[in-house]
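The values are calculated or read from the model by the stated rules, or taken from the named source; none is laboratory data. Fair warning: this is a prediction, and the values are worked out from it, not measured in the lab. When we count neighbours, we look across all protein chains shown, and the Cβ atoms used for this are built from the backbone with ideal geometry, even at glycine. Note: accessible area is taken over every heavy atom of the protein model, side chains too, but ligands, DNA and RNA are not part of it. Shrake-Rupley method; radii C 1.70, N 1.55, O 1.52, S 1.80 Å.
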Amino acid sequence: MNVLVPSRHTTSEPPWVRRFLIGVALAFIGVFLVIPLIFVFTQAFAKGIGFYFNTITDPMAWSAVKLTLLAAAISVPLNCVFGVCAAWAIAKFDFRGKNILLTLIDLPFSVSPVIAGMIYVLVFGAQGWLGLWLNADNPTFPALANWLNDHNFKIIFAVPGIVLATIFVTVPFVARELIPLMQAQGRNEEEAARVLGASGWQTFWRVTLPNVKWGLLYGVILCNARAMGEFGAVSVVSGHIRGQTNTIPLHIEALYDDLNIAGAFAVASLLAFLALITLGLKTWVEHKNAAALEK
Amino acid sequence: MSVEVKNVTKKFGSFTALDNVSLKVESGELVALLGPSGSGKTTLLRTIAGLEFPDNTGEAQVLFYGEDVTQIPASERKAGFAFQHYALFRHMSVFENIAFGLRVRPKTTRPPEAEIRERVEKLLKLIQLDPLANRFPSQLSGGQRQRVALARALAVEPKVLLLDEPFGALDAKVRKELRRWLRQLHEEVHITTIFVTHDQEEALEVSDRVAILRAGKIEQIGTPEEIYDKPASPFVYDFLGNVNLFSGRVKDGAVVIGGTEFATSDAAGEQDSEAVAFVRPHDIRVTRVATGPALAATVIRSNAAGPVANLELKRLDSGEQFTVQLSKELFQELQPKPGEQVFVELKNVKIFSDDYSI
């Protein structure tokens with residue numbers, strides 16, 4: 001009764017179909033991703049290495065790099081905390097409005113970043129609610145209003161606005177990564193920990209967090225990539241003050257508008273380099289995550 | 001000295017999982033909660049552990065050795081709980097899984113590292129997994145995982161051990177082995193144990209007492225012999241094993257089925273009335289020639305695979321079908337063929353006076 005089955009898997013196609021499909025995928029990636037990336041680096045060095053280093057060590061460029069790193073350094077940890085809280089709440093508890101919360105977390109994905117920026121201008125700008133409140137004759141908290149005015153505190157066209165906009169666009173990354181993971185893992189291990197006498201904190205640190213650590217890191221990396229590369233929302237709230245409120249993407253645009261093409265590409269190469277590092281990290285974490293899931 | 005549950009009611013939405021349930025488990029006893037799915041047995045177990053809380057606060061009580069723990073959270077109840085799917089910590093080794101309950105104790109009551117090691121090693125020996133201390137749960141078989149889950153629950157020296165379908169996810173052979181092992185373990189450590197199962201064979205074999213649940217209520221509680229021999233309701237009778245139903249009449253302390261009178265011990269006070277008689281398949285004797293009160297039936301099917309033979313029969317008078325279990329020897333002697341006519345004598349006929357539905 002032993003019939004020899006041909007070793008080919010039922011779902012695998014004839015060789016020419018496979019080659020065609022792989023070819024199409026590779027050609028697409030080559031034309032739309034790899035060639036532009038190579039172009040970025042060749043253009044960056046078009047005016048020589050000296051010009052390249054002059055451009056990226058320019059104080060304006062340096063200030064853009066620092067601002068970008070600052071925005072990422074603030075928004076990534078905040079999103080991390082928010083993402084873990086949201087994922088925990090959604091995966092481990094049952095409450096009314098759970099689906100609404102899920103939808104709201106996705107909002108930044110579906111709303112254009114420009115609109116996000118506009119909303120912040122409307123709320124926090126000089127003509128917005130905050131501005132009107134600060135300039136009101138009779139503010140509700142006069143001491144706070146005075147203090148803010150004295151210190152010339154501004155959100156729009158200043159660093160806080162850039163950070164806020166970055167937080168807005170990166171909100172879903174960590175939560176979206178953790179929710180399906182935590183839902184798949186269920187509540188059993190947490191319950192087991194509680195019955196064994198662990199407190200809520202102990203359960204979180206010793207059971208929940210170790211179980212999701214690779215998923216969390218993956219979310220953080222994606223979040224960081226978006227935080228550093230964000231253009232639209234930041235562009236609206238930044239005010240484009242060179243050396244003060246320009247992030248790397250905004251600085252690239254400014255150089256490009258000055259017709260300093262080589263300069264724009266030099267700074268762009270910096271951003272592309274950060275993206276490549278992120279990609280490498282992402283691959284490594286994915287690999288680790290898959291290994292952890294297999295266990 | 002006991003673990004006690006009083007008047008617990010628990011609803012999930014419109015579904016009543018527990019309907020005013022009370023249960024008392026004596027110290028050192030091994031009690032099975034037996035019932036079909038949805039009967040509330042797991043909810044009752046989780047209520048004892050503190051993973052669910054009764055809806056009727058004030059009325060409901062959970063007592064551990066007289067101490068009221070109704071409002072005490074799971075983490076402070078000191079109950080050992082083994083989950084149906086083990087819920088082992090996947091990122092910890094077997095050793096660390098078992099040590100977890102000791103390591104999370106506050107500094108003042110946490111045993112020193114050397115003592116933790118000693119206790120975990122002792123438990124590893126008890127579950128016969130000492131060579132696998134450094135493995136991760138994913139590297140263990142189902143039976144091994146279940147034993148680790150038990151050791152982890154025992155490590156905190158719980159006041160009561162609660163097991164949710166402990167052998168539910170295992171294959172038949174491992175199940176039998178672990179069942180015997182659990183009974184042995186219970187004899188050694190003698191800890192008050194409550195376990196949930198939907199397998200009547202498991203409940204009858206392992207436990208000191210069995211509580212049968214149905215739709216959020218305890219239908220009957222007693223020793224395995226008591227509930228098997230004196231089932232309180234048709235539901236219990238049916239749940240504990242295969243059963244045949246014969247419709248007939250009760251008359252003068254006997255039951256009349258298809259014109260034939262059979263003896264029963266349950267119809268003493270009954271007047272002439274409709275009745276359903278319950279007979280287990282192994283309480284039916286099949287003969288070629290009627291020697292006493294018997295019913296005529298034809299053979300539909302026979303199956304002699306396994307330790308006993310099963311016959312599918314059909315009554316000649318009413319056409320009702322029923323199953324008979326007989327020994328291999330008797331089967332060889334009779335050699336029943338489909339279509340042949342035989343006689344059946346009913347023994348241990350059971351009649352329930354109030355409710356005939358199962």
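Some notes on this structure:
- Residues in segment B:214-253 that are touching an Asp or Glu at 6+ places or on another chain (Cβ under 6 Å), modelled with pLDDT of 90 or more and either over 30 Å from B:GLY35 (Cα atoms) or surrounded by fewer than 17 Cβ atoms within 10 Å (Cβ to Cβ) (or both): 1 in all.
- Residue, farthest from the chain's Cα centre (by Cα), within segment B:130-155, restricted to residues that are among the hydrophobic types (A, V, I, L, M, F, W, C) and crowded, with 20+ Cβ neighbours inside 10 Å: B:ALA155
- Members of segment B:315-329 found to be among the basic types (Lys, Arg) and more than 15 Å from B:ALA294 (Cβ to Cβ), listed by number: B:LYS328
- The set of residues from segment A:238-261 being on the phi < 0 side of the Ramachandran plot and not in a helix (DSSP H, G or I) comprises A:ILE241, A:ARG242, A:GLN244, A:THR245, A:ASN246, A:THR247, A:ASP258, A:ASN260.
- Qualifying positions in segment A:152-202 - surrounded by 21 or more Cβ atoms within 10 Å (Cβ to Cβ) and part of a loop (DSSP other than H, G, I, E, B): A:ILE155, A:ILE156, A:VAL171, A:LEU196, A:GLY197, A:ALA198
- The criterion of being open to solvent by 60 Å² or more (accessible area, probe 1.4 Å) and not in a loop (DSSP other than H, G, I, E, B) holds for B:ALA114.
- Single unsatisfied condition, B:ARG105 versus (1) more than 7 Å from chain A (Cβ to nearest Cβ); (2) out of contact with any helix residue (DSSP H, G or I) (no Cβ under 9 Å at 6 or more places or on another chain); (3) more than 28 Å from B:ALA32 (Cβ to Cβ); (4) surrounded by 14 or more Cβ atoms within 10 Å (Cβ to Cβ): (1)
- Members of segment B:51-75 found to be at the interface with chain A (Cβ under 9 Å from one of its Cβ atoms) and either part of a loop (DSSP other than H, G, I, E, B) or over 16 Å from B:ALA153 (Cβ atoms) (or both), listed by number: B:LEU51, B:PRO73
Residue-by-condition table, conditions (1) open to solvent by less than 30 Å² (accessible area, probe 1.4 Å); (2) in contact with a Ser or Thr (Cβ under 7 Å, 6 or more places away or on another chain):
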position	(1), (2)
A:ASN211	yes, no
A:LEU217	no, no
A:GLY239	no, yes
A:THR245	yes, yes
A:ASP258	no, no
A:ALA264	yes, no
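Yes or no, residue by residue, for (1) more than 14 Å from every other protein chain (Cβ to nearest Cβ); (2) touching a Leu at 6+ places or on another chain (Cβ under 7 Å); (3) without any contact (Cβ under 8 Å) to a residue 24 or more places away in the chain:
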position: B:PRO112; (1), (2), (3): yes, no, yes
position: B:ARG117; (1), (2), (3): yes, no, yes
position: B:LYS125; (1), (2), (3): yes, no, yes
position: B:LEU129; (1), (2), (3): yes, no, no
position: B:PHE136; (1), (2), (3): no, no, no
position: B:GLN144; (1), (2), (3): yes, yes, yes
position: B:PRO158; (1), (2), (3): no, no, no
position: B:LYS173; (1), (2), (3): yes, no, yes
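- For B:PHE100, the test of being open to solvent by less than 10 Å² (accessible area, probe 1.4 Å), part of a loop (DSSP other than H, G, I, E, B), of a type outside the set (Val, Ile, Thr) and within 9 Å of chain A (Cβ to nearest Cβ) is failed.
- Total residues in segment B:254-274, condition open to solvent by 30 Å² or more (accessible area, probe 1.4 Å) and either acidic (Asp, Glu) or outside any strand (DSSP E or B) (or both): 11
- Pairs are defined by a Cβ separation below 6 Å, a sequence spacing of at least 6 or placement on different chains, a first member in segment B:244-267 that is closer than 20 Å to B:GLU312 by Cα, and a second member that is surrounded by 19 or more Cβ atoms within 10 Å (Cβ to Cβ) and aromatic (Phe, Trp, Tyr); the pairs so defined are B:ASN244/B:PHE322; B:ILE257/B:PHE246.
- Contacts under 9 angstrom Cβ, first residue in segment B:201-214 being acidic (Asp, Glu), partner assigned to a helix (DSSP H, G or I) and at pLDDT 90 or above, 6 or more apart: B:GLU205/B:PRO224; B:ASP208/B:PRO224
- Single match in A:LEU67, A:LEU26, A:LEU21, A:LEU33 (criterion: at pLDDT 90 or above and either among the aromatic types (Phe, Trp, Tyr) or under 26 Å from the mean Cα position of the chain (by Cα) (or both)): A:LEU67
- Annotation note: of B:GLU76, B:GLU52, B:GLU59, the sole residue that is surrounded by 17 or more Cβ atoms within 10 Å (Cβ to Cβ) and among the acidic types (Asp, Glu) is B:GLU52.
- Qualifying residue in segment B:43-50 (condition: more than 14 Å from every other protein chain (Cβ to nearest Cβ), part of a loop (DSSP other than H, G, I, E, B) and over 27 Å from A:ARG206 (Cβ atoms)): no
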